[in-house]
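Enquirer: After the structure tokens below, expect a handful of questions from me.
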Amino acid sequence: MTAFLKLLFRNRLAAMGAVVIASILVLAILTPLLPLPEPNVTNTADRFQRPFTEGHLLGTDHLGRDLLSRLLWGTRLSLAVGIAAAFVAATIGSAIGIIAGYYGGRTDNLIMRGVDMLMAFPYILLALAIVAALGPGLLNALIAVAAVNIPFFARNIRGITVSLAGREFVDAARLAGKGHASIILTEVLPNVLPVIVIAMSTTVGWMILETAGLSFLGLGSQPPQADLGSMLGEARAALITAPHTSVVPGIMIFLIVMSVNLLGDGVRDALDPRLKSGALSRPRAITQVDRTSPAPATPQKGVLDLQELETQFHVGPRVYRAVGGVSLHVEPGECLGVIGESGSGKSVTALSVMGLVASPPGVITGGAVKFGGEDLLGASYESLRRKRGDKVAYIFQDPLATLHPLYKVGDQMIEAIQSHHKVSKSKARARALELFEAVRIPNPTSRLDNYPHEMSGGMRQRVGIAMAMVNDPEVIIADEPTTALDVTVQAQILALLDDLRRERGLAIVFITHDFGVVAQLCDRIAVMYAGRIVEEGPTAAVLDAPAHPYTARLIACVPELGGGRRRLEAIPGLPPVVDNLPEGCAFAPRCAKATPDCQRGEIALEGAGARAVRCIHPEEAVA
Amino acid sequence: MGAYIVKRLISAIPVLFGITVIVFLIMAMIPGDPATAILGSYATPENVEKLNRDLGLDKPMVQRYFIWLGNMLTGDFGRSFSLNRPVLDEILERFSATLILAGVSFVLCSLLGILAGVVSAARQYGFADKAITFTVLIGISVPSFFLGMMMILLFAVKLRWLPVSGMYAIYGGGDLPDLIYHLIMPALALAAVATGVVARLSRSAMLEVLRQDYIRTARAKGVPEGRVIYGHALRAAMVSIIPVLGIQAGFVLSGAVYIEMVFQWPGIGRMLVDAILKRDILLVQGGVVFVAGCYVLFNIAVDVAQGLLDPRIKT
Amino acid sequence: MSDLALKVTDLSKTFPLAKPLFRAAPPGVRAVRPMSFDVPKGETLGIVGESGCGKSTLARMLVGLLTPTTGHIQIAGAKPDLGDPAAFGKLIQYVFQDPISSLNPRKTIRQIMEAPLRQLYGMARAERDTRIAQIFDSVNLREEFLDRYPHEFSGGQAQRIGIARALAAAPEIIVLDEPVSALDVSVQAQVLNLLADLRREFGLTYLFISHDLAVVEAVSDRVVVLYFGAVVEIGRAETIFNAPKHPYTKLLADSAPVVGRPLTAPEQKGTELPDPLNPPPGCAFAGRCPRATDICRRDDPALTLMGDDQFAACHHPIED
């Protein structure tokens, strides 16, 4: 709770809103105790007094009543009615929504049909109809406003409940013997509550406005009693001759609604976990580069050369060193495997090459990426864009999420061509067709006109590969391209990639966590742990005789088919979080061979020939 | 696509049916002797008897409902006693005025709102974003009726640029320029809130879309950033913006009631408020059913637009 | 019969489709075709198959979260009320694939652990505390974790908590639905070894569902291979992938990437599953099968004994 308040008031606008609405609330509560003239006592002799006249700070209205007094009493009434309406609507609406969402099926269908009916009305028509039936009056206006808002809550909360009811912890609770009522109250409700609070805090201002509106139309509070809306309604006749009688209540409504909205937005931002992590920041077109040291001047090796690359994520005060000085290069026609567990920094390394790390929070803080003799990290956006997809292309993991759902796959292929080459659409389409054939998509001509959701996962990944190949790039960076696929499909995709690389002399950087895959596809591998390369070398050499204890133990962990039933090797402990890396070897706390000097000072990646290892007690001597 | 439209139209039938049931049930809530309650204590016995006959109040409720529904289907919405003319004639006349006002406001709020939201998202945390966010915040917090009154004070009374109220000038008006001249203030006042809502939603929809993997794919294949934002991202964001436009149309129609009061616009909202205050139940019933029916049809158009945009929806 | 932990007879699940407005209702999607199998006490039965093969539907029926369309389930001689998870709770428990999502984010680990003890056994506070301490000890979790919330744990720890919760119900059988596929390899092995220890310690019976052949082989006594909602082969873990009888099992085994085996695509055409809305007659695998003949496209083969203890549903099984 204190964390929530801290978060809330860090947002300055929300804090401002809170202060304003709190002072208005205090004033409204204290109104009966203040030395004010009676709000409903008329004195026609004193009508339309201007503000700041003697005895009437805000002047008087058309019946000579004191405006300040009426304003405060009206505010009191408007707030009470608006907040009451919000509570009624939220309670009933949420209850309906939770029941519909949790039970699903026919119950859901029936309830939601009813809600749809109510939502088929422009909301004021329903409110007007209710007031027409019940007769004008403030209580009836409250009922009307609450009633028209129930469907909004019901639908909103139902959506959340449906997704919660499908979550595994609800199944787990059922298996633990809990009944439906108990699950709704103790499992679902605590998770829905923040959403209800958000929905309420963002609609209460709206409901205050609505009740004021009905009163403004003369359908809410009846004279002589006045809320802010009816004050405004009564003042309308004298708008031109005595504008202050309109301005005073109007500004009060505005202040209330504005401060409630500001506070409500603050509450939403503070309660919505997605916003907490800053995830709703728009990633820039290119990763921010902020190198603390000059780029290495080492000449380029191979076709693509990463030199001492460092990429960090800056989240609030924390700095995650996702990539901590990685050097890699790939030769033409070579397949380089980068292998590591989740959080090892392998994907971030891959995305850093073409500036595709989401930024914020990503920042490239050091090193160089050399391609064609140029340092890509220092390149302008336009120069980098020209190379993206044309010289260096990517294949991503989940082909459903990575293809645009609303464009036909053929059009996405054509766009990839036309972003780099001035060719006619028909020529580009012919080229796309050629590639579809090359990646062995059956019925390629008709497949061009499919949307991604009309294809299977394997087909979509073939499209992803075709799209990467379409401009004949020199390097392809494949980021876990087969992880989301079934084994039989994976085998086909890997075979395809291997054929294409041999036919076309492509250089491939292949990111994966799977030793079986690297062993089959890659010529050379680099093993990453906690943002650094711990070992590299020719695939067969590393797999047969791993030098780093981490590599050795990781390989031992992987069960291999054909070994029968057995106990598996495990590595104790967990990979470190990269915001607070220990000195020395990051693997030392989990390593059986670790000695005190493993956790002291920098340990270099050293070796002879193609092999290198970052360890002072290697399993195999590589030098 | 044709099949989809037909399907949506068929699915509207139960909704329209439900609307009439809801309206009928609400009107059945009127306590006491309805005819006297409606006509008030000044009613003559003839009037009460006539109303009882018009409403068919001597018959059971279900039967009454079907008679009312049957009459409406043949275009007979009954006769308004306060105006002494057929309800449908009055509705059609008033609704066309509302349609002009609300239609223009709707187009304004959609275009301005989406534009503001997209610019705001594309320049997140920049000056344009802050300026737009602040304006939008004021826009959604100010009551439209108060905004309208303040506009009258400024543009009509003080600056004398625009007419205070009405749809046409009383003398010598009636042509299109005159209508536009009268329309500017009410249309803007009505569009203000909805523009704010659309802008906020468009901004967050764009921000949500911009961090999707397929945007990264578009960038990875070298698509120019302008096309990434105004092509790929906006198109995907429209999938969540369009349904909100449908809801906003309802809000614009609702807000029109206030604006019509403030600007003396001869629309259906003012008619309804007057009818409620005069307890002219047939006019209220007819007006509510008519407008709600039009809104349902409009929302089908929104759904169809959504189906055209998003190939995953059809079937 | 008493040595059988689980007996499944003719179990199937058909998901009905929405009825179109003017036509008759379509036949529905047969996610699991009628299948029967037994699991002796103390055995680990592996269930493998690719996405869409019906393995999760099967698992959810076995624990009562889904009501079967046809068939019976008998657990340790008892027939629980189908479709009532609470009746299943003491007999069979479930460990979910996504360890974090299976823990309610707004409850402490203690509250999560207490639910089965209180609901299924009506234990009092003190008794619950002792029991939780015992269980936490056996899954190597520290008791100080009990007052934390799920988001404070890594995937591997969360999965141990999920296992601890399943153990708390003291079931005969635990269904493990892809319990390690969300985990990194180094952590995966920790969890698999823990499971093996627990089985020995508590005499548990496991149904281990996974798409990873190597993992299934390493932990199972026997393995069931599913394809398109049906059992295509059952056999001993040591032999089923080394000497498969069904061509689909062979395809699976050949597709798994293995260090030291050169890269070859085991098949080039027809990679798609049959359309579940319009399944072809005969063997569902016929369209992808190199050995398929006319009879395969006409008659659905029955599961038959081949060799000593291997069953396969194939008209043209692979001979040794």
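Enquirer: Spot the failing condition for A:Phe436; the list is (1) part of a helix (DSSP H, G or I); (2) within 30 Å of A:Val348 (Cβ to Cβ); (3) within 34 Å of the chain's Cα centre (by Cα); (4) touching a residue at least 12 places away in the same chain (Cβ under 8 Å), and only one is missed.
Expert: Every listed condition holds for A:Phe436 apart from (2).
Enquirer: Hey, does segment B:177-190 have a residue that's within 12 Å of chain A (Cβ to nearest Cβ) and either of a type outside the set (A, V, I, L, M, F, W, C) or in contact with a strand residue (DSSP E or B) (Cβ under 7 Å, 6 or more places away or on another chain) (or both)?
Expert: No, that holds for no residue.
Enquirer: Sort out which residues of segment C:109-140 are without any contact (Cβ under 8 Å) to a residue 40 or more places away in the chain, within 14 Å of another protein chain (Cβ to nearest Cβ) and farther than 18 Å from A:Ala176 by Cβ, and write them in order of number.
Expert: Within segment C:109-140, none qualify.
Enquirer: Oh, and also: Which numbered condition in (1) crowded, with 19+ Cβ neighbours inside 10 Å; (2) of a type in the set (Val, Ile, Thr); (3) over 20 Å from A:Ile533 (Cα atoms) is the only one that A:Thr483 fails?
Expert: Only one criterion is unmet by A:Thr483, namely (1).
Residue by residue, here is whether (1) surrounded by fewer than 16 Cβ atoms within 10 Å (Cβ to Cβ); (2) in contact with an Asp or Glu (Cβ under 9 Å, 6 or more places away or on another chain); (3) away from every other protein chain (no Cβ under 13 Å) holds:
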{"residue": "C:Pro85", "(1), (2), (3)": "no, yes, no"}
{"residue": "C:Phe88", "(1), (2), (3)": "no, yes, no"}
{"residue": "C:Ser101", "(1), (2), (3)": "no, yes, no"}
{"residue": "C:Lys107", "(1), (2), (3)": "no, yes, no"}
{"residue": "C:Glu152", "(1), (2), (3)": "yes, no, no"}
{"residue": "C:Gln157", "(1), (2), (3)": "no, no, no"}
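This table checks each residue for (1) under 12 Å from the mean Cα position of the chain (by Cα); (2) more than 25 Å from B:Arg312 (Cα to Cα); (3) more than 8 Å from chain A (Cβ to nearest Cβ).
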residue	(1), (2), (3)
B:Leu201	no, no, yes
B:Val209	no, no, yes
B:Gln212	no, no, no
B:Arg219	no, no, no
B:Ile229	no, no, yes
B:Ala237	no, no, yes
B:Leu245	yes, no, yes
B:Gln248	yes, no, yes
B:Leu272	no, yes, no
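Enquirer: Let me ask something else. Does C:Ala182 satisfy the criteria of being surrounded by fewer than 24 Cβ atoms within 10 Å (Cβ to Cβ), modelled with pLDDT under 90 and more than 30 Å from C:Gly122 (Cβ to Cβ)?
Expert: It is true that C:Ala182 is surrounded by fewer than 24 Cβ atoms within 10 Å (Cβ to Cβ), modelled with pLDDT under 90 and more than 30 Å from C:Gly122 (Cβ to Cβ).
Enquirer: Please work out which one of (1) surrounded by fewer than 20 Cβ atoms within 10 Å (Cβ to Cβ); (2) more than 28 Å from the chain's Cα centre (by Cα); (3) not β-branched (Val, Ile, Thr) is the condition A:Ser163 fails and give its number.
Expert: Condition not satisfied by A:Ser163: (2).
Enquirer: Is at least one residue of segment C:264-273 more than 10 Å from chain A (Cβ to nearest Cβ), farther than 30 Å from A:Thr539 by Cα and buried (at least 18 other Cβ atoms within 10 Å of the Cβ)?
Expert: no
Enquirer: Any residue at all in segment A:202-212 that's surrounded by fewer than 24 Cβ atoms within 10 Å (Cβ to Cβ) and touching a helix residue (DSSP H, G or I) at 6+ places or on another chain (Cβ under 6 Å)?
Expert: yes
Enquirer: Report the residue count in segment A:479-500 for those that are part of a loop (DSSP other than H, G, I, E, B) and either under 17 Å from A:Glu437 (Cα atoms) or facing another protein chain (nearest Cβ under 7 Å) (or both).
Expert: 1
Listed here are the residues, each with its yes/no results for (1) of a type outside the set (D, E, K, R); (2) in contact with an Asp or Glu (Cβ under 7 Å, 6 or more places away or on another chain); (3) modelled with pLDDT of 95 or more.
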{"position": "A:Ala86", "(1), (2), (3)": "yes, no, no"}
{"position": "A:Ala95", "(1), (2), (3)": "yes, no, yes"}
{"position": "A:Gly104", "(1), (2), (3)": "yes, no, no"}
{"position": "A:Asp108", "(1), (2), (3)": "no, no, no"}
{"position": "A:Val131", "(1), (2), (3)": "yes, no, no"}
{"position": "A:Asn140", "(1), (2), (3)": "yes, no, no"}
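Enquirer: For the subset of segment A:61-81 comprising residues that are in contact (Cβ under 8 Å) with a residue 40 or more places away in the chain and outside any helix (DSSP H, G or I), which member is surrounded by the most Cβ atoms within 10 Å (Cβ to Cβ)?
Expert: Ranking the qualifying residues of segment A:61-81, first place goes to A:Asp61.
Enquirer: Follow-up. List the number of the failed condition for A:Ile533; all other conditions in (1) in a loop (DSSP other than H, G, I, E, B); (2) modelled with pLDDT of 90 or more hold.
Expert: Tallying (1) in a loop (DSSP other than H, G, I, E, B); (2) modelled with pLDDT of 90 or more, A:Ile533 fails exactly one: (1).
Enquirer: Residues A:Arg567, A:Arg553: which one is within 13 Å of another protein chain (Cβ to nearest Cβ) and either more than 22 Å from A:Gly337 (Cα to Cα) or assigned to a strand (DSSP E or B) (or both)?
Expert: So the residue among A:Arg567, A:Arg553 that is within 13 Å of another protein chain (Cβ to nearest Cβ) and either more than 22 Å from A:Gly337 (Cα to Cα) or assigned to a strand (DSSP E or B) (or both) is A:Arg567.
Enquirer: For residues that are out of contact with any Gly (no Cβ under 8 Å at 6 or more places or on another chain) and in contact (Cβ under 8 Å) with a residue 24 or more places away in the chain, scanning just segment A:384-403, find the one that is nearest to the other protein chains (Cβ to nearest Cβ).
Expert: So, considering only residues that are out of contact with any Gly (no Cβ under 8 Å at 6 or more places or on another chain) and in contact (Cβ under 8 Å) with a residue 24 or more places away in the chain, the one nearest to the other protein chains (Cβ to nearest Cβ) is A:Tyr394.
Enquirer: Report, by residue number, each residue of segment C:53-77 that is out of contact with any helix residue (DSSP H, G or I) (no Cβ under 7 Å at 6 or more places or on another chain) and over 15 Å from C:Thr14 (Cβ atoms). Let's see the steps before the verdict.
Expert: So the first thing to find is which residues in segment C:53-77 are out of contact with any helix residue (DSSP H, G or I) (no Cβ under 7 Å at 6 or more places or on another chain), and the list is C:53-62, C:67, C:69-72, C:74-77.
C:Cys53, C:Lys55, C:Ser56, C:Ala59, C:Leu62, C:His72, C:Gln74, C:Ile75, C:Ala76, C:Gly77, listed by residue number.
Enquirer: Taking A:Leu581, is it under 16 Å from A:Ile533 (Cβ atoms) and in a loop (DSSP other than H, G, I, E, B)?
Expert: yes
Enquirer: May I ask you to verify whether A:Gly278 is at pLDDT below 90, touching a Pro at 6+ places or on another chain (Cβ under 9 Å) and within 21 Å of A:Leu77 (Cα to Cα)?
Expert: Taking the combined requirement at face value, the residue does not satisfy it.
Enquirer: Going by the conditions given, is A:Pro559 farther than 20 Å from A:Ile395 by Cβ, touching a helix residue (DSSP H, G or I) at 6+ places or on another chain (Cβ under 7 Å) and in contact (Cβ under 8 Å) with a residue 40 or more places away in the chain?
Expert: Against the criterion (farther than 20 Å from A:Ile395 by Cβ, touching a helix residue (DSSP H, G or I) at 6+ places or on another chain (Cβ under 7 Å) and in contact (Cβ under 8 Å) with a residue 40 or more places away in the chain), A:Pro559 does not qualify.
Enquirer: Take the conditions more than 10 Å from every other protein chain (Cβ to nearest Cβ), surrounded by fewer than 24 Cβ atoms within 10 Å (Cβ to Cβ) and outside any loop (DSSP other than H, G, I, E, B) and apply them to A:Ala181. Does it pass?
Expert: Against the criterion (more than 10 Å from every other protein chain (Cβ to nearest Cβ), surrounded by fewer than 24 Cβ atoms within 10 Å (Cβ to Cβ) and outside any loop (DSSP other than H, G, I, E, B)), A:Ala181 qualifies.
Enquirer: Do we find that A:Gly105 is at positive phi and among the small types (Gly, Ala, Ser) in this structure?
Expert: yes
Enquirer: Sticking with this structure for a sec: Here's a check for you: in segment A:404-423, which residue that is within 7 Å of chain B (Cβ to nearest Cβ) and in a loop (DSSP other than H, G, I, E, B) is farthest from A:Val303 (Cα to Cα)?
Expert: Out of the qualifying residues, it is A:Leu406.
Enquirer: Taking segment A:369-400, which residues are part of a strand (DSSP E or B) and crowded, with 24+ Cβ neighbours inside 10 Å?
Expert: Within segment A:369-400, the subset part of a strand (DSSP E or B) is A:369-371, A:374-375, A:388, A:392-395.
A:Val369, A:Arg388, A:Val392, A:Ala393, A:Tyr394, A:Ile395, listed by residue number.
Enquirer: Has segment B:280-298 got any residue that is free of Cβ contacts under 8 Å to residues at least 24 places away in the same chain, within 12 Å of the chain's Cα centre (by Cα) and either at positive phi or surrounded by fewer than 24 Cβ atoms within 10 Å (Cβ to Cβ) (or both)?
Expert: No; the residues of segment B:280-298 include none that is free of Cβ contacts under 8 Å to residues at least 24 places away in the same chain, within 12 Å of the chain's Cα centre (by Cα) and either at positive phi or surrounded by fewer than 24 Cβ atoms within 10 Å (Cβ to Cβ) (or both).
Enquirer: Collect the residues in segment C:288-311 that are closer than 25 Å to C:Glu238 by Cβ and outside any loop (DSSP other than H, G, I, E, B), keeping them in residue-number order.
Expert: Within segment C:288-311, C:Thr304, C:Leu305, C:Met306, C:Gln310, C:Phe311 meet the criteria.
The values are calculated or read from the model by the stated rules, or taken from the named source; none is laboratory data. Remember, predicted model here, so these are calculated numbers, not experimental data. Ideal geometry is used to build each Cβ from the backbone, glycine not excepted, and the neighbour counts take in all protein chains shown.
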